[in-house]
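Notes follow the structure.
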C-alpha cells in the first residue's frame with residue numbers, strides 16, 4: 001500500500017504522506033515524544049523509513065510545525081479520529097482459511113447488519129456468536145454497514161473520515177479479521193459497505209495539507225465533491241482504489257458494497273467506478289470469488305454489464321430500490337416522498353422488477369423531476385438485489401419503524417414469499433428474520449454546534465410530512481446524538497422465545513431452505529421471463545421464468561384484498577401460502593397469498 005505506515009521485513013517502518021500543500025512534514029511519535037523529519041519527494045509526497053517506530057507505536061504527522069494530524073491511511077485509531085494513529089503489522093494475524101475460495105454470486109442470500117447494534121456488546125467478537133444462527137437460517141453472505149473510523153462512540157458508519165481504520169468502538173483490527181475468518185468457517189461470505197462519495201463532518205484534516213482531495217467543480221449533499229477528475233486526482237483515485245484492495249486483500253472480505261455512487265462526480269474516462277472494478281478484477285479475480293455491489297439511484301445499468309459468457313465485467317449487482325418501493329406501496333399504502341413514483345400501477349412496477357430488473361429504465365420520475373435509469377432487460381436477474389427492508393428504509397423513517405409495525409403480517413409474509421423465491425438475490429436486514437420490532441433509528445455521537453446542527457437538521461427533514469407539521473411533533477423525533485437513541489436501536493435477541501418471533505423465523509427458514517434446494521441450482525443458467533397476466537385493480541399477477549437448463553419457474557400472486565379465481569397451476573407446486581390451503585383446493589387464490597410451481 002503506497003499510503004500510511006508500513007512495517008517492513010527488516011523491522012523498520014516506512015511512513016508516507018501525500019501533502020502537496022505542506023512545506024515541512026514531521027513524524028510525531030507518542031510515548032516518548034519525538035519528532036522526526038520526513039524527506040520531501042516529488043509531486044507532493046513525503047517519506048521516512050525509521051527504526052524509531054514499531055507495531056503498537058502511536059504517531060501523528062506534524063504539518064508545517066503547527067498542526068498535528070492523524071494518518072489519513074491509518075490502520076487503527078485507538079483514541080478515535082482526533083487521536084494518534086497506531087502502527088499495525090498486518091502480518092501478525094495468522095489466517096486459517098486458505099482453503100476458502102468464496103461462493104458464487106448466484107447463491108447469495110445477504111444479511112445486512114450494523115456491528116454496534118447487532119448485539120448488546122456491539123463488537124466484532126460479539127457478532128461472531130451469531131454466525132451459527134445466520135448459517136442455520138440459510139444466509140450465505142453477511143454485509144457489514146461501514147466500519148471505517150468515525151467521530152464518537154456510535155454512528156451508522158457513513159460519516160467515516162479514516163477509511164482504512166476499523167472503528168475502535170467495535171474492536172481491534174485483528175478482531176475484525178477473526179470475524180471474517182469465522183464467517184468463512186461457517187461457510188459465509190462477508191461483505192463490507194464502503195463510502196467513496198464523501199468524508200464525514202468531524203475528524204477529517206485533509207484540507208490542511210491535501211486540498212486536492214476536493215473540488216468545487218462538482219458538489220454533493222455534503223459540500224464539495226471528492227476530486228476524481230481534476231488536477232491531482234491521480235493520487236486521490238489511487239487512495240480509494242487501494243482502499244478497496246486493502247479490505248479485500250488484508251482483511252479477506254469477499255466483496256464490497258459501494259454506497260450512493262450516484263453522488264460521485266467524475267467526468268474522466270474511465271470513471272473511478274470503472275477503474276476501481278477493473279483493478280480489483282485484474283488483481284484478485286483469479287484468486288477467489290470477489291463480488292462488487294452498488295447503491296445507485298441513477299439505475300445506471302451499464303455498470304452491471306456481462307460479457308458474452310454472462311460473466312461479470314465490473315459490478316455483480318445493484319441494490320434495487322425500485323422493487324422495494326413497489327412492494328412497500330402495495331403492502332403499506334404509503335405514498336410520501338419517493339413512494340409517489342410507485343403509487344400508480346404498483347403491480348406493473350413490481351412485475352417489471354421481477355422480470356427486467358429496474359422499474360425505471362429511462363422513464364420520467366416525478367420525484368426526481370427527470371428521466372431516470374437505463375435499459376436493464378439484457379441483464380440477468382442476479383444483477384439486482386431485492387429487499388423489503390434495509391438500514392435506509394427503516395432508519396430514514398422518523399421513528400425507525402420496521403415493516404411489521406406498519407402493516408398487517410399477511411402483507412409482509414406475501415412480500416417475502418415473493419422475494420425469497422424469485423431469481424434475484426435477496427437481502428434481509430438484521431432481525432427481519434424473526435419479525436423484530438425494535439426500531440433502527442438514525443444515531444451519531446457528535447459534539448457542540450455540530451451535534452445541534454445534526455439534531456435540528458434531522459427534525460427539519462420531516463417538516464414536509466403532515467404528521468410533523470408542528471414544531472411540537474418534530475421535537476418528539478428521537479435526538480440522533482442521544483445515547484438512548486442508539487440503545488433503543490440495538491437488536492433485541494431475547495424476543496426470539498416469543499411465539500410470533502418463532503413463527504416468523506420458521507417462515508424465513510422454510511423459504512430459504514426451499515430457495516437453496518429448488519431455485520439456486522438453476523440460477524447459474526441463462527433465463528428469460530414473461531408476465532403471463534397482471535391486474536392492477538385486483539392486484540394480481542402471474543410470471544414465468546424459463547431457464548436454459550430446461551426448468552420453468554411459475555409464480556401466481558394475489559396482493560389484493562379479495563380472493564380471486566385461480567387458474568390451473570402448471571407443473572409441481574413447490575410452495576404456497578399456508579393460510580391458502582383450503583381455498584386453493586377450490587381453485588381460489590385468497591388475498592395476500594402466492595403459489596410457486598416448477599415445470600421440468
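Here is how the numbers come out for the structure above:
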{"item": "Exclusive hit being within 19 Å of the chain's Cα centre (by Cα), surrounded by fewer than 18 Cβ atoms within 10 Å (Cβ to Cβ), more than 22 Å from residue 181 (Cα to Cα) and modelled with pLDDT of 95 or more, set 298, 271", "result": "298"}
{"item": "Helices (runs of 4 or more DSSP H) contained entirely in segment 133-249, each with at least 3 residues that are over 20 Å from residue 77 (Cα atoms) and free of Cβ contacts under 8 Å to residues at least 60 places away in the same chain", "result": "233-249"}
{"item": "Residue in segment 12-22 that is in a loop (DSSP other than H, G, I, E, B), more than 24 Å from residue 203 (Cα to Cα) and modelled with pLDDT under 95 present", "result": "no"}
{"item": "Some residue of segment 59-66 being closer than 24 Å to residue 151 by Cβ and out of contact with any strand residue (DSSP E or B) (no Cβ under 9 Å at 6 or more places or on another chain)", "result": "yes"}
{"item": "Exclusive hit being more than 30 Å from residue 558 (Cβ to Cβ), touching a helix residue (DSSP H, G or I) at 6+ places or on another chain (Cβ under 9 Å) and touching a residue at least 12 places away in the same chain (Cβ under 8 Å), set 502, 460", "result": "460"}
{"item": "Of all residues in segment 217-235 being under 22 Å from the mean Cα position of the chain (by Cα) and over 19 Å from residue 21 (Cα atoms), the one that is surrounded by the fewest Cβ atoms within 10 Å (Cβ to Cβ)", "result": "221"}
{"item": "Residues within segment 1-48 that are more than 36 Å from the chain's Cα centre (by Cα), loosely packed, with under 11 Cβ neighbours inside 10 Å and over 21 Å from residue 88 (Cα atoms), tallied", "result": "3"}
{"item": "Helices (runs of 4 or more DSSP H) (entirely within segment 384-490) containing at least 2 residues that are touching a strand residue (DSSP E or B) at 6+ places or on another chain (Cβ under 8 Å), outside the structural domain of residue 575 (by TED's automatic domain parsing) and modelled with pLDDT of 95 or more", "result": "391-395, 409-419"}
{"item": "Selection status of residue 555, under 20 Å from residue 413 (Cα atoms), surrounded by 14 or more Cβ atoms within 10 Å (Cβ to Cβ) and at pLDDT 95 or above", "result": "yes"}
{"item": "From the options 534, 546, residue that is in contact with a helix residue (DSSP H, G or I) (Cβ under 7 Å, 6 or more places away or on another chain) and either within 22 Å of residue 569 (Cα to Cα) or part of a helix (DSSP H, G or I) (or both)", "result": "534"}
{"item": "Scan of segment 385-398 for residues that are in contact (Cβ under 8 Å) with a residue 60 or more places away in the chain and more than 13 Å from the chain's Cα centre (by Cα), ordered by number", "result": "388, 395, 398"}
{"item": "Residues of segment 315-338 that turn out to be part of a helix (DSSP H, G or I) and either in contact with a strand residue (DSSP E or B) (Cβ under 6 Å, 6 or more places away or on another chain) or at pLDDT 95 or above (or both), as a count", "result": "12"}
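So that you can scan it fast, the table gives a plain yes or no per residue for (1) assigned to a loop (DSSP other than H, G, I, E, B); (2) modelled with pLDDT of 95 or more; (3) in contact with a helix residue (DSSP H, G or I) (Cβ under 9 Å, 6 or more places away or on another chain); (4) over 30 Å from residue 191 (Cβ atoms):
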position: 36; (1), (2), (3), (4): no, yes, no, yes
position: 47; (1), (2), (3), (4): no, yes, no, yes
position: 59; (1), (2), (3), (4): no, yes, no, yes
position: 62; (1), (2), (3), (4): no, yes, no, yes
position: 83; (1), (2), (3), (4): yes, yes, no, no
position: 94; (1), (2), (3), (4): yes, yes, no, no
position: 100; (1), (2), (3), (4): yes, yes, yes, no
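The values are calculated or read from the model by the stated rules, or taken from the named source; none is laboratory data. Because the structure is a prediction, the values reported are computed rather than measured. Positions of Cβ are backbone-derived with ideal geometry, glycine not excepted, and every protein chain shown enters the neighbour counts.
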